Amino acid sequence: MTLSHQKQPGTRPKLHRDIGHTLWTLISSGSNALLGVGGGLLMITCLSVQEYGRISSVLAVVLIVQELVGQGINDSMVRLGTQAVAKDTHRINHIFRAGLVIKLGICGILAVCLLALPDGVYGILGLDRIQEALPQMIAAITGYGLWTLIQAKKQAALDFKTLALIRPVYNTARLCFFALLITMGTFTWMRALWIISGCFFLSAWLIGYRDWLILLRLPLDAESIIAPIGAVWRYAKWSILAGVTYVFYSRMDVLMLTRMKTESDVAVYNAAWQILTILDLCIISIMTTMMPKACHHRYYEDLLNWCKRCLFISVGVSVLSLPIFIFVDDYIPLLFPGAYLISASLLKIMYPAYILSLLVFPLIGLLYALERFYISAIVHSLLLIVSFPVYYMAINTAGTTGAAWGTLILKSATAAILGLAVWWSLSGAPRKASPLRR
């Protein structure tokens, strides 16, 4: 058979497979978003505006701190685990244990630091209102670390069907416990935090109990423990820095509102953010599906095809998300009545920035494939420094509306800079040798 009659591998079968895998995670994110919004609605309707503002402030801090044991370590585990699955299926369990050791170590250090921090420091930071919730915060951070550990294991094994269950199981459990306490008339914002924390542990066990049992049977020799920890940490330190700085400046809006405005302002702003988390979940879904596949490639041609498939999926999801923007004035009064009506105008301001993030952020997988993960860490660190004066001036000038404009500016700038970084990295990727030259 001549070369002209040979069947050349195309990207269409891969695109169909990628769309199929992404659909599983999008179904998970969709059900997760509905359940999450349901839980948020229960908190909004059953708590006062001040109480919801307080729990929003606590969860904003938890969201930042939990990144120390979250996606950064997961990305490193997925990168190493994806390669391990292809070569040695047993090695992924050692990587899994290494991630667990690192996460538990960080959780221990965080617990000591949060509990030992003097009261005056919380006052200076404007976070004295969250001090009484420190036990729930520590539990939530630890539970989140274990919960995301199971996600990383399933993602590295390309087990997207099981992966699709993790978030809905968590939110279903949370919603059921919320409803139970409301029915009993004992629902408070402190108990809501205990439920949020406990459901991380519960869903991590329900989805990954077999993985935990396998973990207990692994040998305890020093070589099988220390070497994987070093390998995971080598990549994780940059991923952790990128994740923490990104979440830090992403939630700088709520932190600054907590310090500069009232709990009612925080609640109104957080209601708009609650809806936009649907787009964040879509970003996570696409990254969950596509990042392990990027780690299999290193040549320009393969990575370019991967970027095209990734963009195709992101554009499709962006189009499907348009009703969130178009019908915002219709559904906000139904979901968040009364004092929350201003949330519609805040969502309109922030929506375009979330769409830009949806188009660009999944492409970051290319940076990890080319071992340029430090780029995202540097970009997010610089934007974290810029975010403080931006939000300070914006909130001081226009309150919650200023915070929304600050989010639009910072998220758009992040997407633009990371998009250029991806293009630069792709341009520098090695080319495959020409068949004639070989």
Summed side-chain charge close to Gly419 - residues other than Gly419 whose Cβ falls under 15 Å, Lys, Arg +1, Asp, Glu -1:
+3
Loop-located trypsin sites (Lys or Arg not before Pro) in the stretch 143-235, at most 13 other Cβ atoms within 10 Å (DSSP)
Arg217
Can you sort Val315, Val65 from fewest to most other Cβ atoms within 10 Å of each residue's own Cβ?
Val315, Val65
Please name whichever of Ile332, Val266, Ser357 sits farthest to the positive end of the charge dipole of the stretch 226-375, dipole taken about the Cα centre and charges placed at Cβ: Lys and Arg +1, Asp and Glu -1.
Ser357
Please identify the chymotrypsin sites (Phe, Trp or Tyr not before Pro) of the stretch 274-339 that satisfy two criteria: DSSP loop assignment and at most 14 other Cβ atoms within 10 Å. Which are they?
Tyr299, Phe327
Count charges around Val254 for me, please; just the other residues with Cβ under 12 Å from its Cβ, Lys/Arg as +1, Asp/Glu as -1.
+1
Checking the stretch 285-368 for trypsin sites (Lys or Arg not before Pro) in a loop per DSSP with at most 14 other beta-carbon atoms within 10 Å yields Arg298
With +1 on each Lys and Arg Cβ and -1 on each Asp and Glu Cβ, and nothing else charged, work out how big the dipole of the chain is about its Cα centre, in Debye to the nearest 20.
1720
Total formal charge among the other residues, if their Cβ is under 15 angstrom from that of Leu322, Lys/Arg +1 and Asp/Glu -1:
-1
Please arrange Ser57, Ser321 by counting, for each residue, the other beta carbons lying within 10 Å of its beta carbon, fewest first.
Ser321, Ser57
What dipole magnitude, in Debye to the nearest 20, does the stretch 195-350 give about its Cα centre under +1 on Lys/Arg Cβ and -1 on Asp/Glu Cβ?
300
With point charges of +1 on the Cβ of Lys and Arg and -1 on the Cβ of Asp and Glu, referenced to the Cα centre of the chain, which listed residue (Ile342, His94, Ile166) lies farthest in the positive direction of the dipole?
His94
In the chain, if the dipole is taken from +1 on Lys/Arg beta carbons and -1 on Asp/Glu beta carbons about the Cα centre, which of Leu255, Met290, Phe177 is farthest to the positive end?
Met290
I'd like to compare 68-75, 202-209, 162-169: which one has the highest average count of other Cβ atoms within 10 Å, and what's the full order after that?
68-75, 162-169, 202-209
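Read-outs: derived from the displayed coordinates by stated rules, not from any lab. Note that the structure is predicted; figures quoted are calculated from it, not measured. Heads up, the Cβs are rebuilt from the backbone with ideal geometry, glycines too, and the neighbour counts pull from every protein chain shown.
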